[in-house]
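Visitor: To start, I am sharing the structure in question, which I have written as C-alpha cells.
The values are calculated or read from the model by the stated rules, or taken from the named source; none is laboratory data. Here the structure is a predicted model, which is why all the values come from computation and not from measurement. Note: ideal-geometry Cβ built from the backbone for every residue, glycine included; neighbour counts use all protein chains shown.
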Amino acid sequence: NMRKKIVAGNWKMNLNLQEGLALAKELNETLTVNKPNCDVVICTPFIHLAMAAQTLNSEVIGLGAENCADKEKGAYTGEVSAEMVKSTGAQYVILGHSERRQYYGETPEILKEKVLLALKNNLKVIFCIGESLEEREANKQNEVVKAELEGSVFNLTAEEFKNVIIAYEPIWAIGTGKTATSDQAEEIHAYIRSVVAEKYGDAVAQETSILYGGSCNAKNAAELFSKVDIDGGLIGGASLKAADFLGVIDGWK
Ligand code: 3PY
C-alpha cells in the first residue's frame, strides 16, 4: 500500500529543555545520514517546540505538540493555542491521548473543538483512540474506538480528515510493558480502517495512516509494522533515548 509510514515519539512530561534539545540534535544528525524508511516525528512539551524547530531539519524529522487548547485565544491562563503551536514551526499535534482523557477530563466534545482548531491552523492531528482493560475484557473494543471517532473526528469533511492520523493505543498497554500481540493489533486496525471506509469511502480509508501505540519498542516494532493495517507507531518510553527510538524506526527496514 502507498500509505505514509510514520514513527512518532511522544515524550509526554519527560526531558527538560537541555535534555530534549540534545536528543533532538542527536536524532537529527543520525537520520540525516541514515535516511529512515518512514516519516519520523517527535512530539515534545510546548516549551521545547520553538528551539526544537530550529534544531531539526524538517525534511528529516517532523515536530509536534502533545496537546493544544480547545479555545482560539484569549483569557485562558496557562493554555497554549493551536495557532501558537503552529507559529513555533511545529507541523503536528497529538490530541485525545488517553492520559489527557483520563487525568484532564478531556471529553469527546472538547476534543472535537481541539481537532477543528488544530486543522484550521494547518496542523496535522495525531488522534488517539483505544479501549481500557475492562472494555477489552468485555469485548467492547470495537464499539469504543468507533464511538471515539464518531465523537470527535467524523464531523470533519473528507478533505479535512486527510490531515488526521489515527493512533490506536489500548490503554491497558500504555506504559505497562504489555503490548497487544501483532495479530490483536492488526485485527482492530483493520476494523478501524473499515469504519473510516464506511464514513469516508474506501479511497480515504486506504490513505489513512493508523499507528499503533502502547509499549511499542525496538524489540516488537518490526513485527507490529509487518501487519498490513499497521502504518507505524506512536512511541512513549522508547522515544526518550536515541538508540531506542532509532531501533523502533529500524522496524521499517
Ligand atoms: C506509549 O507508548 O505508552 C504511549 O502512550 C505512546 O503515546
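Visitor: Return a yes/no flag: does the range 6-17 have any residue that is out of contact with any Cys (no Cβ under 8 Å at 6 or more places or on another chain), of a type in the set (D, E, K, R), surrounded by 18 or more Cβ atoms within 10 Å (Cβ to Cβ) and part of a loop (DSSP other than H, G, I, E, B).
Guide: The answer is yes, given that some residue of the range 6-17 is out of contact with any Cys (no Cβ under 8 Å at 6 or more places or on another chain), of a type in the set (D, E, K, R), surrounded by 18 or more Cβ atoms within 10 Å (Cβ to Cβ) and part of a loop (DSSP other than H, G, I, E, B).
Visitor: Residue under question is E198, and the condition is that it be loosely packed, with under 15 Cβ neighbours inside 10 Å, of a type outside the set (G, A, S), without any contact (Cβ under 8 Å) to a residue 24 or more places away in the chain and in a helix (DSSP H, G or I); does it hold?
Guide: Here the answer is yes, as E198 does meet what is asked.
Visitor: Right, here's the next one. List the pairs whose first member sits in the range 221-235 and is under 16 Å from G9 (Cβ atoms), whose second member is within 12 Å of the ligand (Cβ to nearest atom) and part of a loop (DSSP other than H, G, I, E, B), and whose Cβ atoms are under 7 Å apart, counting only residues at least 6 apart or on separate chains?
Guide: Pairs found: L224/C216; G233/C216; L234/E169; I235/C216.
Visitor: Report, ordered by the first and then the second residue, all pairs with beta carbons closer than 6 Å, sequence separation of six or more or different chains, a first member in the range 103-122 that is part of a helix (DSSP H, G or I), and a second member that is surrounded by fewer than 18 Cβ atoms within 10 Å (Cβ to Cβ).
Guide: P108/G151; L119/E160; L119/N163
Visitor: (1) free of Cβ contacts under 8 Å to residues at least 60 places away in the same chain; (2) closer than 16 Å to V115 by Cβ; (3) within 16 Å of the ligand (Cβ to nearest atom): which one isn't true of I126, the others all being true?
Guide: (1)
Visitor: Among the residues of the range 79-91, how many are of a type outside the set (S, T, N, Q) and either part of a helix (DSSP H, G or I) or within 13 Å of the ligand (Cβ to nearest atom) (or both)?
Guide: Count: 5.
Visitor: Return only the number of the condition from (1) out of contact with any strand residue (DSSP E or B) (no Cβ under 8 Å at 6 or more places or on another chain); (2) modelled with pLDDT of 95 or more; (3) closer than 18 Å to I126 by Cβ that L211 does not satisfy.
Guide: Single failed check for L211: (1).
Visitor: In the range 148-171, what residues are buried (at least 20 other Cβ atoms within 10 Å of the Cβ) and either within 16 Å of the ligand (Cβ to nearest atom) or not in a helix (DSSP H, G or I) (or both)?
Guide: Passing the criteria: E148, V153, V164, I165, I166, A167, Y168, E169, P170, I171.
Visitor: With the structure loaded, tell me whether D183 is more than 16 Å from the ligand (Cβ to nearest atom) and more than 18 Å from the chain's Cα centre (by Cα) or whether it fails that test.
Guide: When the stated conditions are applied, D183 passes them.
Visitor: Would you pick out the residues in the range 201-253 that are outside any loop (DSSP other than H, G, I, E, B), over 30 Å from Q18 (Cα atoms) and among the small types (G, A, S)?
Guide: A203, A205, A222
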